[in-house]
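Only one structure is covered here, and it is reproduced in the block below.
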């Protein structure tokens, strides 16, 4: 007796439309959970990752040229470029911070010693300073100005600043092991991004639910801002800080601390370095150094200020579609939200937002332009 053969049947019934939706929801749920746990893992190093990615984008042209000259040896090219990043950026930054803290403390101690001297009132009543006080009392009679208040506020400011620097230095020393770990992690990540950058971009483009030209537009926008806006702004700030420090050294003002302050002020549109050199020129004038004040004033107006006027259009022409006012707001908002790294994060977030708005406007162009109100607005003279 033989067993009747039966036709083969699938182990599971075919998935219907309703089952497909349930499968998609489960997949989306577990994808979100995976992203959340992944973010928890990398969140302590998020600043290091983003900064490494930005530095990799900036130095990727150097890496590409080394890759071609070295016959396609990606590891060697990425390693040499990473060493170049350390030599050009990270080591000078470390020495600068150390010198900045040292000279800043010296400057604040000198100001505190000067403000606490017994002859402070005599100094305030001499020469052009007395004339300034007389003019202020006559012009602003409703404002109470006296030497004792100024002396007390100067002492309070210098004491608070000195304590802040001491606390920051103690925190820096206490976190030295963590900083060294992050330093080496950053170098490794720069090396990895330089070596695997194209593969990472290709994978992100494959996973992104955008059209190919939209993905290219997004990536190009972020790269343009990283190289043009960030590198251009920082380079201009460094050049203005260096030339400003030279002028400060000539007139006898501590150049390192106030030169760095001038470089930071260069990132602020409109006022820029004038936030530092104008009070310094006024200080020299009111304390009798009128020839030094005149030299310092003309030096900054003719040289330091014109660095921004001449170089910014040349260095940032590729990012001309980004409004300087929006960049200014992005930098201020970034600093408020993320601290010092907001100088980098702010413009990047702004660029991402503008790129997404552009893609949205392109994707729904017909719907947006078909609205009656918009059409009437466009036809208005």
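Report, ordered by the first and then the second residue, all pairs with beta carbons closer than 7 Å, sequence separation of six or more or different chains, a first member in segment 54-66 that is under 15 Å from residue 219 (Cβ atoms) and in the same structural domain as residue 79 (by TED's automatic domain parsing), and a second member that is in a helix (DSSP H, G or I) and modelled with pLDDT of 90 or more.
56/190; 56/193; 56/194; 60/194
Is it the case that residue 267 is outside any helix (DSSP H, G or I) and touching a helix residue (DSSP H, G or I) at 6+ places or on another chain (Cβ under 6 Å)?
yes
If residue 58 satisfies all but one of (1) at pLDDT below 85; (2) farther than 22 Å from residue 87 by Cα; (3) surrounded by 13 or more Cβ atoms within 10 Å (Cβ to Cβ), what's the number of the condition it fails?
(2)
Here are some residues: 333, 346. Which one is touching a helix residue (DSSP H, G or I) at 6+ places or on another chain (Cβ under 7 Å), surrounded by fewer than 18 Cβ atoms within 10 Å (Cβ to Cβ) and either modelled with pLDDT of 80 or more or part of a loop (DSSP other than H, G, I, E, B) (or both)?
Of the residues listed, the single one that is touching a helix residue (DSSP H, G or I) at 6+ places or on another chain (Cβ under 7 Å), surrounded by fewer than 18 Cβ atoms within 10 Å (Cβ to Cβ) and either modelled with pLDDT of 80 or more or part of a loop (DSSP other than H, G, I, E, B) (or both) is 333.
Within segment 271-297, can you find the residues that are free of Cβ contacts under 8 Å to residues at least 12 places away in the same chain and assigned to a loop (DSSP other than H, G, I, E, B)?
271 - this is the single residue of segment 271-297 that is free of Cβ contacts under 8 Å to residues at least 12 places away in the same chain and assigned to a loop (DSSP other than H, G, I, E, B).
State all residues of segment 196-215 that are surrounded by fewer than 13 Cβ atoms within 10 Å (Cβ to Cβ) and part of a helix (DSSP H, G or I); if no residue qualifies, say none.
Matches in segment 196-215: 198, 199, 202, 203, 204, 206, 207, 212, 213.
Based on what the data block shows, is residue 266 buried (at least 20 other Cβ atoms within 10 Å of the Cβ) and modelled with pLDDT under 85?
Taking the combined requirement at face value, the residue satisfies it.
Scan segment 269-284 residue by residue and report those that are modelled with pLDDT under 80 and over 19 Å from residue 233 (Cβ atoms).
283
The values are calculated or read from the model by the stated rules, or taken from the named source; none is laboratory data. All values reported here derive from a predicted model rather than from experimental measurement. With ideal geometry, Cβ positions are generated from the backbone for all residues, glycine too; neighbour counts draw on all protein chains shown.
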